[in-house]
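All remarks here apply to the structure that follows.
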Amino acid sequence: MMRRDDCIRAILAHRGDAVIMAVYNAGLDLRRLSPSPLNLYSAGAMGQGSSWGLGLALGVPERKVLILDGDGSLLMNLGSLVTIANAAPKNLYHFVFENGCYEANGSHPIPGQGRLSFAGLAREAGFPHSFSFNELARFAPEVPRILALDGPVFAALKVVPGEPSPQDYAYVNSADRVREFTAALRAAR
């Protein structure tokens, strides 16, 4: 198994000027590892990371959009996989951290834990590229190739939590933070 924060570091090494939409603990890890005005965080809207990421990808087609999602969060909005595949944004890269639980809500097991394939769900929904990784030594060298593909691209990453990140929900959910993100996105166009 990989640590979530190590996977995020591997992705960040090849981020470039991409916008990142990150949910819950992935967002808190992202903020600790690489604070940026082009990071959008979602905590409190479980399941919406994939839909928000799609909206961003369609709204800024000239820029890569990376979604850092959780398996429990994605389960809340599985239909978004079909919607993303149908819209087929070439700039969307959906990374799902698969730990088998609703970590942000007490680590209760997700339905189908260990029996379903998130990469398989994305493939069947119509994603042209779908991957699954459980070793950092295999995932990290593949990140540049994954980000060079035309999207939508999906990658399921089997993880355990990494180093704890500050749980600053007041910051990630603040209106000022959203204004900062919006201003950065406009300035970058």
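The values are calculated or read from the model by the stated rules, or taken from the named source; none is laboratory data. Treat the numbers as computed from the prediction; the structure is a model and nothing was measured. Neighbour counts run over all protein chains shown; Cβ positions are idealised from the backbone, glycine included.
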> Do any residues in segment 144-158 that are in a loop (DSSP other than H, G, I, E, B) have Cβ atoms under 6 Å from those of residues that are surrounded by fewer than 21 Cβ atoms within 10 Å (Cβ to Cβ) and among the charged types (D, E, K, R), where the two are at least six apart or on different chains, and which pairs are they?
Replying inline: ASP150/LYS90; GLY151/LYS90
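Just a yes or no: is a residue in segment 86-95 within 27 Å of GLU135 (Cα to Cα) and without any contact (Cβ under 8 Å) to a residue 60 or more places away in the chain?
no
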>> So GLY49 ticks every box in (1) in contact (Cβ under 8 Å) with a residue 60 or more places away in the chain; (2) buried (at least 23 other Cβ atoms within 10 Å of the Cβ) but one. Which box is left unticked?
In response: (1)
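This table checks each residue for (1) surrounded by fewer than 16 Cβ atoms within 10 Å (Cβ to Cβ); (2) polar (S, T, N, Q); (3) modelled with pLDDT of 95 or more; (4) over 14 Å from LEU66 (Cα atoms).
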position: PHE139; (1), (2), (3), (4): no, no, yes, yes
position: GLU142; (1), (2), (3), (4): yes, no, yes, yes
position: ILE146; (1), (2), (3), (4): no, no, yes, no
position: ASP150; (1), (2), (3), (4): yes, no, yes, no
position: VAL153; (1), (2), (3), (4): no, no, yes, no
position: VAL160; (1), (2), (3), (4): yes, no, no, yes
>> Take the residues in segment 9-27 that are among the aliphatic types (A, V, I, L, M) and outside any helix (DSSP H, G or I); name whichever of them is surrounded by the fewest Cβ atoms within 10 Å (Cβ to Cβ).
In response: ALA13
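Does ARG63 satisfy the condition of being more than 23 Å from ALA183 (Cβ to Cβ), buried (at least 17 other Cβ atoms within 10 Å of the Cβ) and either hydroxyl-bearing (Ser, Thr, Tyr) or out of contact with any Cys (no Cβ under 8 Å at 6 or more places or on another chain) (or both)? If you could, list the steps in order and put the result at the bottom.
Details: more than 23 Å from ALA183 (Cβ to Cβ): no; buried (at least 17 other Cβ atoms within 10 Å of the Cβ): yes; either hydroxyl-bearing (Ser, Thr, Tyr) or out of contact with any Cys (no Cβ under 8 Å at 6 or more places or on another chain) (or both): yes.
Taking the combined requirement at face value, the residue does not satisfy it.
Only one residue in ALA45, ALA26 is within 17 Å of PHE181 (Cβ to Cβ), in contact with a strand residue (DSSP E or B) (Cβ under 7 Å, 6 or more places away or on another chain) and not β-branched (Val, Ile, Thr). Which one?
Values: ALA45 fails: in contact with a strand residue (DSSP E or B) (Cβ under 7 Å, 6 or more places away or on another chain).
Checking each option against the conditions leaves just ALA26.
Pick from LEU68, LEU30: which is buried (at least 17 other Cβ atoms within 10 Å of the Cβ), modelled with pLDDT of 90 or more and not in a helix (DSSP H, G or I)? Let's see the steps before the verdict.
Working: LEU30 fails: not in a helix (DSSP H, G or I).
So the residue among LEU68, LEU30 that is buried (at least 17 other Cβ atoms within 10 Å of the Cβ), modelled with pLDDT of 90 or more and not in a helix (DSSP H, G or I) is LEU68.
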> Which numbered condition trips up ASP6, out of (1) in a helix (DSSP H, G or I); (2) under 11 Å from ASP69 (Cβ atoms)?
Replying inline: (2)
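Return a yes/no flag: does segment 76-84 have any residue that is in a helix (DSSP H, G or I), within 15 Å of the chain's Cα centre (by Cα), buried (at least 21 other Cβ atoms within 10 Å of the Cβ) and modelled with pLDDT under 85.
Filtering segment 76-84 for residues in a helix (DSSP H, G or I) gives 79-84.
Okay, now just the ones that are also within 15 Å of the chain's Cα centre (by Cα), so 80-81, 84.
Filter again for buried (at least 21 other Cβ atoms within 10 Å of the Cβ), leaving 80-81, 84.
Filter once more, keeping what is modelled with pLDDT under 85: none.
No, that holds for no residue.
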